[in-house]
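> The structure is given below, and queries will be raised subsequently.
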Amino acid sequence: MPDPTSVSVLAFQVGFGDCFLLRFNYAGNKRRHVLIDFGSFPKASWLKGTGMRLIAETIRDECGGKLDAVVATHRHRDHIAGFTTDEDDPGSVIASCNPDLVVQPWTEDPDARTNAKKPTAAFMSAMHDLGARGRVKAFQRGLSFVDSLDAMRGLLPVLEQQEKALREMGNHDMADELAFYGQNDLSNLSAIRNLMQMGASGEARYVYYGAESGLEAVLPGVKVTVLGPPTLEQSDTIRRYATSAPDEYWLTQTRTAMRLKDETPLFPGTSALSFEEAPAYARWLISRLRDLRSRQLLEIVRSMDTVLNNTSVILLFEVGNKKLLFPGDAQLENWTYALSQPGVIDDLKDIDFYKVGHHGSLNATPKTMLWGELDHRDDGLRTVVSTLKGVHGGKHGNPTEVPRRTLVNALKNHSDFLSTEQLDKEPGTYWEIELDV
């Protein structure tokens, strides 16, 4: 097959989340399709009911019922909720497109050990060499790792209980934050299983900086470079999160979750009063203790949130004379290793398309990567952010709103900028950006 003549990026309206379908166009009306992420959080009104399934069906129609590859950059709900087989079951629609390849970060390797610092080489070579039957067996063996997520999910009722208590005391800001992190980080088990099953049916790659993505095999004439995440052996920039979450670097916080879930009374046999029944001086103490526990919970879920963002797959596609950059939610700790490697910054200075990292957050687009060069660019850089204002950050005037105003202004001033917020809010709508090669 000759090289592509053009590449199109379909950026779907999913509210606060990512969903991008890449279409590589070849001579003779031949096409190849790669889906990068499919998620949303929280569900907006236009996505309730069958909304996510309608988007999945649109993706199926646009790719002609065949996906050549699926990339799940990391496991946050706003990036993989559409792969779930629960609710309106959009995941089965995507699975019916029979992707030949599923790409995920190395931390999703189902045979990786607790406290692993790199992928399991034996697992990766086995998945590459075995036939379909062998891959299914490897998938079945890997379920023990995924099942450990059930322990992590044990943290959800704790967060929900604490959220309710905070709202009763009028602390809605902290309650909102607990709800966001808890639901986005901990409720993706069905989607994770479906991604594993799709990988077992085709080929699964668990990638890291410098690894082969496998995408070049399904995309003739396209070069794909994996710029992240680094392994812990490659970089210390994310090691501190592993140290603060020793139970399991990328996921479970299992023992902590189990301790928090323990409802054994502190003083068995003694009578207890509710917050409303307690005298005023006791309510003061109760509220302070609840606040302390909430802050400890937030430390846990914030740590998990940062860790998951920093496991994001970063991909650079080169199609003829065009370069397209898709960094998931990679934050600075993820980027640091790639940007320190020879030639990487130079490779990124002349990109033609940038999927804005982390929905436009302040810490996902390093200035040394790109924006230091923007003043010198007048060659039609295309940028797209998939986001929704008011979902995350920016409380009490803090400069943490997503999307970050100063970043959006730079994008508007120095690139051809699009935001999914401009799209009609109904399932299946998307921007289509075409780049001729």
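> Here are some conditions: (1) without any contact (Cβ under 8 Å) to a residue 60 or more places away in the chain; (2) of a type in the set (Val, Ile, Thr); (3) in a strand (DSSP E or B). VAL102 meets all but one. Which one does it not meet?
It is condition (1) that VAL102 fails.
> Residue check: is LYS43 farther than 18 Å from GLU432 by Cβ and more than 18 Å from the chain's Cα centre (by Cα)?
Considered against the rule, which asks whether it is farther than 18 Å from GLU432 by Cβ and more than 18 Å from the chain's Cα centre (by Cα), LYS43 comes out as no.
> Now, a different point. Find all pairs meeting these conditions: Cβ atoms under 6 angstrom apart; at least six residues apart or on different chains; first residue within region 395-418 and under 21 Å from ASP173 (Cα atoms); second residue of a type in the set (Asp, Glu).
LYS395/ASP173
> Further, regarding this structure: List, please: which pairs have Cβ atoms under 9 Å, are six or more places apart or on different chains, and start with a residue in region 321-334 that is of a type in the set (Lys, Arg) and end with one that is in a helix (DSSP H, G or I)?
Filtered contacts from region 321-334: LYS323/ASP347; LYS323/LEU348.
> How about region 79-110: which of its residues are touching a Cys at 6+ places or on another chain (Cβ under 7 Å) and crowded, with 21+ Cβ neighbours inside 10 Å?
Filtering region 79-110 down to residues touching a Cys at 6+ places or on another chain (Cβ under 7 Å) leaves 82, 97.
Once the filter is applied, which keeps residues that are touching a Cys at 6+ places or on another chain (Cβ under 7 Å) and crowded, with 21+ Cβ neighbours inside 10 Å, region 79-110 yields only GLY82.
> Check ARG135, ARG113 and return the single one that is surrounded by fewer than 16 Cβ atoms within 10 Å (Cβ to Cβ), modelled with pLDDT under 80 and not aliphatic (A, V, I, L, M).
Values: ARG135 fails: surrounded by fewer than 16 Cβ atoms within 10 Å (Cβ to Cβ).
That would be ARG113, the only listed residue that is surrounded by fewer than 16 Cβ atoms within 10 Å (Cβ to Cβ), modelled with pLDDT under 80 and not aliphatic (A, V, I, L, M).
> Scan region 394-425 for residues that are within 12 Å of LEU362 (Cβ to Cβ) and among the hydrophobic types (A, V, I, L, M, F, W, C) and report the count. Reasoning before the result, please.
Residues of region 394-425 within 12 Å of LEU362 (Cβ to Cβ): 394, 398-408, 410.
Next cut, among the hydrophobic types (A, V, I, L, M, F, W, C) only: 402, 407-408, 410.
Counting residues in region 394-425 that are within 12 Å of LEU362 (Cβ to Cβ) and among the hydrophobic types (A, V, I, L, M, F, W, C) gives 4.
> Where in region 150-210 are there helices (runs of 4 or more DSSP H), lying wholly inside it, with at least 2 residues that are out of contact with any strand residue (DSSP E or B) (no Cβ under 8 Å at 6 or more places or on another chain) and modelled with pLDDT of 85 or more?
Numbers: elements: 155-168, 172-186, 189-201.
Because the criterion is at least 2 residues that are out of contact with any strand residue (DSSP E or B) (no Cβ under 8 Å at 6 or more places or on another chain) and modelled with pLDDT of 85 or more, the helices (runs of 4 or more DSSP H) in region 150-210 that meet it are 189-201.
> Among the residues of region 1-40, how many are farther than 29 Å from GLY360 by Cβ and without any contact (Cβ under 8 Å) to a residue 60 or more places away in the chain?
5
> Let me spell it out: the conditions are (1) in contact with a helix residue (DSSP H, G or I) (Cβ under 9 Å, 6 or more places away or on another chain); (2) modelled with pLDDT under 70; (3) surrounded by fewer than 20 Cβ atoms within 10 Å (Cβ to Cβ), and GLU276 meets all of them except one. Which number is the exception?
Result: GLU276 passes all but (2).
> Taking into account only those residues within region 303-328 that are surrounded by 24 or more Cβ atoms within 10 Å (Cβ to Cβ) and assigned to a loop (DSSP other than H, G, I, E, B), which is modelled with the lowest pLDDT?
ASN310
The values are calculated or read from the model by the stated rules, or taken from the named source; none is laboratory data. Predicted, not measured: the structure shown is a model, and the values here were computed from it. Virtual Cβ from ideal backbone geometry, glycine too; neighbours counted across all protein chains shown.
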